[in-house]
Structures are given as structure tokens and as C-alpha cells.
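Structure first, then comments.
The values are calculated or read from the model by the stated rules, or taken from the named source; none is laboratory data. On a predicted model such as this, the values are computed, not experimentally measured, just so you know. Glycine gets a Cβ as well: all are built from the backbone with ideal geometry, and neighbour counts include every protein chain shown. Ligands, DNA and RNA are stripped out before the accessible areas are found, and what is left, the full protein with its side chains, is counted by its heavy atoms. Shrake-Rupley method; radii C 1.70, N 1.55, O 1.52, S 1.80 Å.
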Amino acid sequence: MGAGALAQMLLGRSGRRLDWGMALVAGLVGSFVFGLLASLIAGDGLSLQPSGIIGSIIGAVIVSFVWMKLDPDKAAEAFRARRR
């Protein structure tokens, strides 16, 4: 959840308006997605390897970015927060 919250902050959300459901999902899914990609790139095959906190944050940023692109309301809110 922490990785997902940090990903939202990096993408422009203010600290008070975090979507904790999105943070949880982005943190969990991002960690597994990036871990899987890192395993494929490293040549370990399709086995899931722990990606660590940096990998979790990078994966959460990717998942949050895609989620915000698919949900225009969240994207508009992030844009408004960035302009403040």
C-alpha cells in the first residue's frame, strides 16, 4: 500500500487526497508485474521473484499511470493537484 501511495504522490496527487484502494491495488499488482518483467529480463523465466521496495514503487507507478489514463476523473484530479 505504501508503494501505491508513493506512486500516486509521484504522479501528482496531493497527500490528503490519496485513493487508498488504488494505492493497495497498484502496490500489490505493481510489485508482481515489475517482478515478473524483471524475471523475464534477467532470464529467470516466468518464476516470480521478490522485486524489493524499488521494484514495487516502479511497478506501482506504472499501474497507477495506466489506471489514471483509463479513468479520466482521476487524471483530471491529478492534473489539478500538480498545478497547485
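Within the range 14-23, the residues that satisfy the criterion of being surrounded by fewer than 16 Cβ atoms within 10 Å (Cβ to Cβ) and either modelled with pLDDT of 85 or more or among the aromatic types (Phe, Trp, Tyr) (or both) are 20, 21. For the range 36-57, taking the residues that are hydroxyl-bearing (Ser, Thr, Tyr) and in a helix (DSSP H, G or I), the one that is modelled with the highest pLDDT is identified as 56. Taking the range 58-84 as the range and being of a type outside the set (Asp, Glu), modelled with pLDDT of 65 or more and in a loop (DSSP other than H, G, I, E, B) as the test, no residue passes. When the range 56-73 is limited to residues that are in contact (Cβ under 8 Å) with a residue 12 or more places away in the chain and of a type outside the set (A, V, I, L, M), the one that is most open to solvent (accessible area, probe 1.4 Å) turns out to be 65.
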